[in-house]
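Undergrad: The structure under discussion is supplied below as structure tokens; questions concerning it will follow.
Readers should treat all values here as calculations from the given coordinates under stated rules, not as data from a laboratory. These numbers come from a predicted model, not from an experiment. In this analysis, Cβ positions are derived from the backbone assuming ideal geometry, glycine residues included, and neighbour counts consider all displayed protein chains.
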Amino acid sequence: MTAGELTGLLFELVAEPNLIQPTILYDFPTDISPLSKCRKDDPSLVERFEIYVAGMELGNAFSELNDPAEQERRFRQQVEKGGEEVPREVDMDYIRALAHGMPPTAGEGIGIDRLTMLFTDSHSIREVILFPLLRPETSGEDSTEGASKSAEHPTGISAEKGSGGQK
């Protein structure tokens, strides 16, 4: 584990659960930010920040790395390291696109799902997700709908045998 990865892990375990007041964190380790541009004065850190409110991350933002050689090096480093959360191969299409010329860019993302979690005091993104097919299935029957509801797909398509898939 690199120093940057250790810093990220310590943050997640020790600091993140205690960020109740609105907080902006910046200057993340390069090791945990493979798509972010390095700071000019300190290449061990990247131009990235995250916004935390009520103990959860609301947004993530960074300057996009637009150097194809550096991006390829970082991708290769990730692939060599392996693991469940890293790519299994270098995305050469992305590297090729960078090589054709990508202007300096940056982005910031605050998802509507995260804001909904904040406003509804929900503790899991699954409680507010807009796509019912991504929600976990519940066991048992809905007391108001009876047994036919338990075999029904959220889109109204029946899973009952012999119905041809339509209600």
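Undergrad: With a 10 Å Cβ neighbour count serving as the proxy for reagent exposure, in which order, fewest first, do S44, S33 appear? Mind showing how you got there, number by number?
TA: Numbers: S44 14, S33 20.
Ordered from fewest to most neighbouring Cβ atoms within 10 Å, S44, S33 come out as S44, S33.
Undergrad: Sticking with this one: Give me the log10 of I(q) over I(0) for segment 57-97 at q = 0.15, 0.31, 0.35 Å⁻¹, as the Debye formula computes it from C-alpha points; what are the numbers?
TA: -0.44, -1.02, -1.12
Undergrad: What's the long-distance tail for segment 43-122, i.e. % of Cα pairs beyond 19 Å?
TA: In whole percent, the share of Cα-Cα pairs in segment 43-122 beyond 19 Å is 56.
Undergrad: Across 5 Å bins from the origin, how do the percents of Cα pairs in segment 9-61 run, short distances first?
TA: 5, 21, 26, 24, 15, 8, 1
Undergrad: Provide D113, D27, D121 in ascending order of the number of other Cβ atoms located within 10 Å of each residue's Cβ, fewest first.
TA: On the way: D113 16, D27 12, D121 8.
Result, fewest neighbours first: D121, D27, D113.
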